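Peer 1: What follows is a structure written as C-alpha cells; I'll ask about it next.
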Amino acid sequence: MTSNVGMTDRILRVLIGGSLASAAAFGAIGPWGLIGLVPFITGLLGYCPVYSLFRRGA
C-alpha cells in the first residue's frame with residue numbers, strides 16, 4: 001500500500017476530519033459528523049482507496 005495522497009491533502013484531511021469527528025463526539029453537531037473519521041484516517045495513513053480506483057496519486 002503506497003502513499004497516494006499528497007502532503008497538503010493529508011494535512012487538510014486530518015484537520016477537517018478530526019474537527020468533524022470531535023464536534024460529533026462532544027455533541028456540537030449530530031452523529032453524521034462521525035463521517036469525518038474517514039478523511040481523518042485516510043489522512044493519517046496517506047492512502048485513499050477512492051484515489052486508487054480513479055488512478056489518481058500524489
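The values are calculated or read from the model by the stated rules, or taken from the named source; none is laboratory data. Everything numeric in this text was worked out from a predicted model, so none of it was measured. Here the Cβ positions follow ideal geometry from the backbone for every residue, glycine too, while neighbour counts run over all protein chains shown.
Peer 1: Any idea how many residues of the chain are assigned to a loop (DSSP other than H, G, I, E, B), surrounded by 12 or more Cβ atoms within 10 Å (Cβ to Cβ) and either small (Gly, Ala, Ser) or within 15 Å of the chain's Cα centre (by Cα) (or both)?
Peer 2: Number of matching residues: 9.
Peer 1: Something else now. Return the pairs, sorted by first residue and then second, in which the second residue is at pLDDT below 95, the first residue lies in region 34-49 and is farther than 22 Å from ALA24 by Cα, the beta carbons are less than 7 Å apart, and the residues are 6+ apart or on different chains.
Peer 2: As it stands, the answer is GLY46/SER3; GLY46/VAL5; TYR47/MET1; TYR47/SER3; TYR47/ASN4; TYR47/VAL5; CYS48/ASN4; CYS48/VAL5, since those pairs meet every condition given.
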